[in-house]
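Reviewing the structure listed below.
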Amino acid sequence: MKPRDRLRIAMQKSGRLTEPAQELLARCGLKFRQSRDKLFCFGEGEPVDLLLVRDDDIPGLIADGVCDLGIVGRNVLNEFQFANPEPGAGLAELRSLGFGSCRLSIALPQDEAYDGPEQLNGQRIATSYPGLLGEWLRVNNVDAKVVFLAGSVEIAPRLGTADAICDLVSSGATLVANQLRETAIVVESEAVLAGHRDLPSDERGEIAELLLRRLDGVIQVRD
Ligand code: ATP
Ligand code: ZN
């Protein structure tokens, strides 16, 4: 890959994290000019550019060296690390950013009692997060069947394709609407700044350090 002298940050193109991520970077003093295809934003002051992508692609773009940093949910970062232990191990959560809070939780049909993880033995659990759910099942010594679904996980129990689900929850309204009840938290998540455990050793590393310092200032003021 061609060496780059500008830092490149991946962020969600359109979704829950887009606006707060843009706001955070603006408060760090970064300004961007959007390209016509809306994939790339050129940084006008500091040598920092943005790549606007689907959130699921962000950890892979960092692992492959296409981007240096990314703003992404801890849920997506951790799932990538479980699914790709080799490149995933090089990635780290550099800062937690205080927005996009949610939980990856297990939920059961409302009318079912829950008295602990062992109750999930032999059950089918639908999820888009097989790595994180698999780890939780292992730690809790549960032998359940993980059913992978890319989307609309919450309707699986009603369809009869699963007995329980493991999905992202914030207010819990979606669960209620689907007659489900949150029973166990697998991961507490929020947006994080993801990057390589070791910052690049060239100019990009210096720019990243500068950005991290500004970020710490902004986060401190907010707290
Ligand atoms: P993309 O098109 O980028 O793949 P998406 O549909 O996967 O978008 P969003 O629904 O915008 O993503 O969610 C992005 C992130 O927001 C999640 O990965 C999670 O970290 C966070 N989040 C916060 N609250 C919720 C919630 N209630 N449901 C889903 N995600 C949430
Ligand atoms: Zn996504």
Exercise for the section: State whether one or more residues within the stretch 113-129 are within 14 Å of ligand 2 (Cβ to nearest atom), without any contact (Cβ under 8 Å) to a residue 60 or more places away in the chain and in a loop (DSSP other than H, G, I, E, B). Expected result: yes
Fill in the blank from the handout: How many residues of the stretch 167-196 are touching a strand residue (DSSP E or B) at 6+ places or on another chain (Cβ under 7 Å) and either within 16 Å of ligand 2 (Cβ to nearest atom) or of a type in the set (Val, Ile, Thr) (or both)? The answer is 13
Completion exercise
Filtering the stretch 37-59 down to residues that are out of contact with any Leu (no Cβ under 7 Å at 6 or more places or on another chain), within 30 Å of ALA83 (Cα to Cα) and surrounded by fewer than 18 Cβ atoms within 10 Å (Cβ to Cβ) yields ARG54, ASP56
Problem - Candidates LEU104, LEU133, LEU120 - the one that is within 19 Å of LEU180 (Cβ to Cβ), within 13 Å of ligand 1 (Cβ to nearest atom) and aliphatic (A, V, I, L, M) - result: LEU104
Practice task
Among the residues of the stretch 9-44, count how many are closer than 16 Å to LEU215 by Cα and more than 15 Å from the chain's Cα centre (by Cα).
Solution key: 10
Fill in the blank from the handout: Residue count, the stretch 106-143, condition more than 30 Å from ASP68 (Cα to Cα) and surrounded by fewer than 21 Cβ atoms within 10 Å (Cβ to Cβ), comes to 21
Exercise for the section: Filter the stretch 26-76 down to residues that are assigned to a helix (DSSP H, G or I), free of Cβ contacts under 8 Å to residues at least 24 places away in the same chain and more than 27 Å from GLY151 (Cβ to Cβ), then give me how many there are. Expected result: 1
Handout entry: Residue count for the stretch 75-97, restricted to those that are crowded, with 21+ Cβ neighbours inside 10 Å and farther than 29 Å from ASP5 by Cβ
Key = 3
Fill in the blank from the handout: Scanning the stretch 149-165 residue by residue, those surrounded by 15 or more Cβ atoms within 10 Å (Cβ to Cβ) and more than 16 Å from ligand 2 (Cβ to nearest atom) turn out to be ILE155, ALA156, PRO157, ALA162, ASP163, ALA164, ILE165
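Laboratory data are not the source of any read-out in this text; all were calculated from the coordinates shown. Predicted model only: the values in this text are computed from it and were never measured. Cβ coordinates were reconstructed from backbone atoms using ideal geometry, including for glycine residues, and neighbour counts include every protein chain displayed.
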